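The values are calculated or read from the model by the stated rules, or taken from the named source; none is laboratory data. Please read these numbers as outputs of a predicted model, since none were measured by experiment. Glycine gets a Cβ as well: all are built from the backbone with ideal geometry, and neighbour counts include every protein chain shown. These accessible areas exclude ligands, DNA and RNA; they are computed on the full protein's heavy atoms, side chains included. Shrake-Rupley method; radii C 1.70, N 1.55, O 1.52, S 1.80 Å.
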Amino acid sequence: MTSVNPQPINSASDISYEMVCHFLYREARLLDQRKFTEWDNLFAEQGMYWIPLIEDQPDPINHLSLAYEDSMMRQVRINRLNHNRAWSQKPRSRTSHMVSAIVIEKICDETNRLVVGSAFQMAEWRSFGLRTFAGLYTHTLVVSDGHLKIGEKRVDLIDSGEAFEPIEVFI
Amino acid sequence: MDIDRLIKKDEVHRDVYVSEEVFGLEMDRIFGSAWIYVGHDSQIPNPGDYWTTRIGLQSVVMTRGKRDEINIFYNRCPHKGARIAEEGCGHTNGLFRCPFSTFNLDGKLRGVPYLDGYQDTSFDLTDPRFSLRKVARVAAYRGFVFASLAEDGAEFEDFLAGVKSSLDNFCDRAPEGTVSVAGGVFRVVQRSNWKIFFENLNDTGHPIATHESSYRAARQYSEEVLDGELPFELHIIDGNGAPPKFWSDLDLHAFDYGHSYMTAIFNAPDDPLSQQYFASLAAKVGGDRAEEILAVNRHNTIIYPSCSPHTSFQQWRVIRPLSVDRTLVEIFTFRLDGAPDELLQRTFTYSNVVNSPSSIVMTDDVHVYAECQKGLSTQGGDWVSQHRNAGQDQPYSGSEGGLIGVGTSELPIRNQFRAWHEYMSEGSGQSVSPEAS
Ligand SMILES: [Fe+2]
């Protein structure tokens, strides 16, 4: 996949709105193509994937979360999705993400971080039919070794308190 | 309906899972009479707090009144019929309000608009007929509140007897001796009959096959990245791949009314956090007593037909039938009052891995339940086997009584159906005893 800017990124202020949009679209596309390991490589070493259980949840440690996964737990999830005895992945999930309303909310040059908000919908087809997830993403992006990486991907589902059927793929 | 024809000693007819008629009778005869878990008193700490949930198909509201008493009402305005409270937790300042009327916390009708217009009618604010209707019986043990919709039936103490020790251990593990709901509720919908979930809870025959994808995934990561080390999260997932002898060496205990428990599959951890927690417990109850409490190490306990506590990780699953082929499972986590905050954080970690709707472990269970529901709906066979180790269960000589079987026995399932049979047999009025075989 070609990068929008071949130049190494030195600081958060080098990053254009277009680069941010492209990063988010690419991230979503990797998920829809089931290129999970490439997707996981977008995360910084300490990067976290977080789906809070309640609206405005302040932290992932002192409350349950629908998901709060570090590199280890993401890779285990990926290993499972690729395992041929993942019964509930027969047939396997197919997804389509729509990411929109992308806004750079904060740029911090000292920490080389950006906070990016967006809206999303993900349609997922499984053995029991088609279902939709909708909500807001908040990406904390970090500049690391000249690359943009995900420090945290927060997925606020608008129905996070609902009763769900199992959620297996990344949203 | 002839209930007897659905049950054999070690088999059940598929109709118990797929017949709408049977489901209707269950709502009436089981969920309409048994002691059903409603909630924990820490969910409604102050007067005016309420918790709205279900008993069978009935929406009910558990409230704390002005004098600290707990009431459970049907969620129905006796005046015009609207519900008085949304599902979940809430608080009201001394009055329940529906769009048509207001009620005091004790359920008495407080007022309706245009009261003048009710003069010379049979409408009467003080008539209990126009107060919120209370469920027939409410009882609590160590903060866990149960209700029965029937005036008559087993006493709560008798009902709970066999598994009371699990509730004691659940609370005794707290330095303060009490526990509180914390961290929110996971809610998972299953496309299967409620009994299938109960059968799975203490079924040690399934993990090695059902959970192969998740324990292999955890082991793969452990080997590729961690040199075979298994951090807490992976240890939990890995456990399902234990060899057959591990499972058969466990004990299963079964009691009256369909209850049972399994001895623990995880040893008490001995890391710095566990030692810190032990110290907090020992400081309150003494070292010997603390050791005695933690020596009671159990996996799932089943309090049939509504809930399943996990005493050593402070989880509490509640099973709510929605229809013959839909079941809602709600998972609560508890703080051990007086224990370090980090222990509660570990409880959340455990639950995120095992009980969240996004659990990579549970998803295969839920899939298999749905496959059973689909298969049972075919005409491919009428009977479902529960033969494993039938006839080998023994009376247990310990103080709790009941029956004991090897860890891979289907004793808990047969035991649930003995209770089911009793509840479903009209006017039986007999005690629900598991027969030693
Ligand atoms: Fe399981």
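Quick grid of which residues meet (1) within 14 Å of chain A (Cβ to nearest Cβ); (2) away from the ligand (no atom under 15 Å from the Cβ); (3) among the aromatic types (Phe, Trp, Tyr):
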{"residue": "B:Phe332", "(1), (2), (3)": "yes, yes, yes"}
{"residue": "B:Glu342", "(1), (2), (3)": "yes, yes, no"}
{"residue": "B:Gln379", "(1), (2), (3)": "no, yes, no"}
{"residue": "B:Gly391", "(1), (2), (3)": "no, yes, no"}
Options B:Gly48, B:Gly39; residue that is small (Gly, Ala, Ser), open to solvent by less than 10 Å² (accessible area, probe 1.4 Å) and touching a His at 6+ places or on another chain (Cβ under 9 Å): B:Gly48
Residue under evaluation B:Gly117, criteria (1) at pLDDT 90 or above; (2) more than 29 Å from B:Glu330 (Cα to Cα); (3) open to solvent by less than 30 Å² (accessible area, probe 1.4 Å), criterion not met: (3)
Flag for B:Ala147 being outside the structural domain of B:Gly48 (by TED's automatic domain parsing), touching a residue at least 12 places away in the same chain (Cβ under 8 Å) and either within 18 Å of B:Lys66 (Cα to Cα) or assigned to a strand (DSSP E or B) (or both): yes
Residue count, segment B:179-228 (criterion: within 30 Å of A:Asp59 (Cβ to Cβ) and more than 16 Å from the ligand (Cβ to nearest atom)): 13
Residue match in segment A:72-93 (condition: more than 8 Å from every other protein chain (Cβ to nearest Cβ), part of a strand (DSSP E or B) and surrounded by 14 or more Cβ atoms within 10 Å (Cβ to Cβ)): no
Lone qualifier among A:Ala101, A:Ala134 - being at positive phi and in a strand (DSSP E or B): A:Ala101
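What about A:Thr111, is it more than 14 Å from every other protein chain (Cβ to nearest Cβ), in a loop (DSSP other than H, G, I, E, B) and farther than 30 Å from B:Ala209 by Cα?
yes
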Test: A:Glu110 is free of Cβ contacts under 8 Å to residues at least 12 places away in the same chain, open to solvent by 10 Å² or more (accessible area, probe 1.4 Å) and over 14 Å from the mean Cα position of the chain (by Cα): yes
Meets criteria (more than 14 Å from every other protein chain (Cβ to nearest Cβ), touching a helix residue (DSSP H, G or I) at 6+ places or on another chain (Cβ under 6 Å), without any contact (Cβ under 8 Å) to a residue 60 or more places away in the chain and more than 16 Å from the ligand (Cβ to nearest atom)) for B:Ala254: no
Of all residues in segment B:183-196 being open to solvent by less than 10 Å² (accessible area, probe 1.4 Å) and not in a loop (DSSP other than H, G, I, E, B), the one that is farthest from B:Cys372 (Cα to Cα): B:Phe186
Enumerated strands (runs of 3 or more DSSP E) restricted to segment B:296-391, each holding at least 2 residues that are within 20 Å of the chain's Cα centre (by Cα): B:298-302, B:307-310, B:315-323, B:326-336
Residue among B:Val22, B:Val112 that is open to solvent by less than 20 Å² (accessible area, probe 1.4 Å) and at pLDDT 95 or above: B:Val22
